[in-house]
Amino acid sequence: MEYMRQALELAEEALSVSHPNPPVGAVVVKDGKVAGRGHTMHIGGAHAEVVAIAEAGDLAAGATLYTTLEPCCHVGRTPPCTDLIINSGIREVSIATIDPNPKVNGKGIHILKGAGLTVHLGDGEEESLQVAEGYMKLMSTGLPFVIAKFAMSLDGKIALSSGESKWITSRESRDYVGLMRSQVGAVVAGIGTVLEDNPRLTARDFEGNEFPTQPLKLIVDSNARTPLDAALFDGGGEVVVATCGASALREQALVNRGVRLIKTDPKGDMVDLDVLLSQLGKMGVNSILVEGGETLLGSFADMRLIDKVVVFIAPVIIGGSGSPSPIGGVGVKVMEDIIRLERSQLKMFGEDIMVTGYMG
């Protein structure tokens, strides 16, 4: 597990650069020593196995390759990794999990075994599935993995009654949120958040430095009210607006501003989130980070569309019956229907507590 653990750490590093490709890490080991390491690069760039084998060079012959995902065996933007592995002289391959992509899905393992290589499967599978959870869901269902993120005080408030919310959480928490944004295909906010807070929605560190790869900035905006001079047009990342029933004039104004529109039929007076997720899946977006506000998060929660929750809790008390909470919507009517998270974990960021968990 030692070398697979190194591969998993590399896969985590790939999260900020690999989308929409899966985040994969690979390690080449020869005579008990690491000869090559690598992770998936930006789209169209080298896959993890290619990077690791190139670094190993001639030491790849007779070596063992540890990889977090079944090697690809089809021609995409790059040649098949299985061909390179076989031609490099590697004799043994340890694979954490099968690639559910219909173009692979066991075929890569079959090719490697057919060429006489010894193949092991399952070491580090659970960890690999978690690192690549967005890719895994998209390949299995055609829908993106939905992460709901919010920050709140100890008494469950996300802002003062005046609407002021900067800043409840610590520098460390906000720095980590920048990293989270860099690891998803799209950051999602409601039009209320755009009008109230005017966020940029870029993936950047605390100092304001943007990550090389930026997610889509998706605004759920039924009537296309997104201001043409909004801060979200600054910095990297394409702007996408989801509408339903907006006027043709407003929609055209956004298109002229360079916005990509996703149009759905109204569901009530709101964007149909099921259709929106389906459209995002067709665009190849494998994960989204829903950041608010309470109406949008409430709609995702009411429809049970959330896969994972990430909450930052600051050791502060705001109070006030008029201070907003993170989740709106209809909510549940009986205790038997409350949403219980599974596989919950706690982590500290400065003085804040981050709670993560998965929807059952």
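The values are calculated or read from the model by the stated rules, or taken from the named source; none is laboratory data. Note that this is a predicted model, so its numbers are computed, not measured. No Cβ is skipped: glycine too gets one built from the backbone with ideal geometry, and neighbour counts run over all protein chains shown. With ligands, DNA and RNA removed, areas are computed over all heavy atoms of the protein, side chains included. Shrake-Rupley method; radii C 1.70, N 1.55, O 1.52, S 1.80 Å.
Would you calculate the separation in nanometres between label points at ILE43 and GLU342, each defined as 7 Å from the Cα along the Cα-to-beta-carbon direction? So the two model labels end up 3.1 nm from each other.
Compute, for the range 42-198, the length of the dipole vector about the Cα centre, with Cβ point charges of +1 (Lys, Arg) and -1 (Asp, Glu) only. Units Debye, rounded to 20.
Result for the range 42-198 is approximately 380 debye, rounded to the nearest 20.
Inter-part distance, the range 327-360 to the range 208-236, computed on C-alpha centroids, equals 27 Å.
Charge dipole (Cα centre; +1 on Lys/Arg Cβ, -1 on Asp/Glu Cβ; no other charges) of the range 269-322 amounts to roughly 220 debye. Considering only PHE150, LEU249, VAL271, and ranking their Cα positions along the charge dipole of the chain that arises from unit charges at the beta-carbon of Lys, Arg, Asp and Glu, the one farthest toward the positive end is LEU249.
I need the calculated FRET efficiency for the pair ASN223 and GLU2, taking r as the beta carbon distance and R₀ as 45 Å, to the nearest 0.05. Walk me through the intermediate numbers first.
Numbers: r = 56 Å, r/R0 = 1.23.
With a Förster radius of 45 Å, E is 0.20.
Taking all Cα pairs closer than 8 Å and separated by 6 or more residues, the relative contact order of the chain comes to 16 percent.
Using a cutoff of 8 angstrom between alpha carbon atoms and counting only pairs six or more residues apart, the relative contact order for the range 232-360 works out to 20 percent.
All C-alpha to C-alpha distances of the range 1-59, sorted into 10 Å bins beginning at zero, yield P(r) values of 29, 51, 19, 1 percent in whole numbers.
What you get for the chain, charging only the Cβ of Lys and Arg (+1) and of Asp and Glu (-1), is a dipole of about 600 debye around the Cα centre.
For the chain, the mean projected area of the C-alpha convex hull, equal to one quarter of the hull surface, is 19.4 nm².
Think of the range 28-117 as having a plus end and a minus end, set by charges on the Cβ of Lys, Arg, Asp and Glu; of VAL29, SER94, GLY114, GLY114 sits farthest toward the positive end of this dipole. Dividing the convex hull volume of the alpha carbon atoms of the range 297-360 by its residue count gives 108 Å³ per residue. Scaled against 2.2 N^0.38 Å for its residue count N, the alpha carbon radius of gyration of the range 1-108 is 0.94.
By accessible area, using a 1.4 Å probe on protein heavy atoms only, the range 14-148 has 54% of its surface on carbon and sulfur. Above 20 Å lies some portion of the pair distances; for the range 152-244, what is it as a whole percent of all C-alpha pairs? Counting pairs separated by more than 20 Å, the tail of P(r) holds 40 percent. Just so you know, the averaged projected area of the alpha carbon convex hull for the range 139-199 sits at 5.7 nm². Per residue, the accessible area of the range 194-240 comes to 44 Å², computed with a 1.4 Å probe over protein heavy atoms only. Working from Cα pairs under 8 Å separated by at least six residues, relative contact order for the range 2-154 is 19 percent.
What separates the Cα centres of the range 125-176 and the range 35-100 is a distance of 32 Å. The fraction of accessible area contributed by carbon and sulfur in the range 224-310 is 48 percent, rounded to a whole number (1.4 Å probe; ligands and nucleic acids excluded).
Sorted into 5 angstrom bins from 0, the C-alpha pair distances of the range 211-360 split as 2, 8, 14, 17, 19, 17, 12, 8, 4, 0 percent.
Using the alpha-carbon positions of the range 220-275, Rg (one decimal) and Dmax (whole number) come out as 11.1, 34 Å.
Over the range 1-135, with the other protein chains present, what is the accessible area per residue in square angstrom, probe 1.4 angstrom?
Roughly 44 Å² per residue, with all protein chains present.
When the alpha carbon gyration tensor of the range 82-222 is reduced to an equivalent ellipsoid, its three semi-axes come out at 42, 16, 14 angstrom, largest first.
Across the chain, the longest run free of exposed loop sites, meaning GluC sites (Glu not before Pro) lying outside DSSP classes H, G, I, E and B with no more than 14 other Cβ atoms within 10 Å, spans 1-163.
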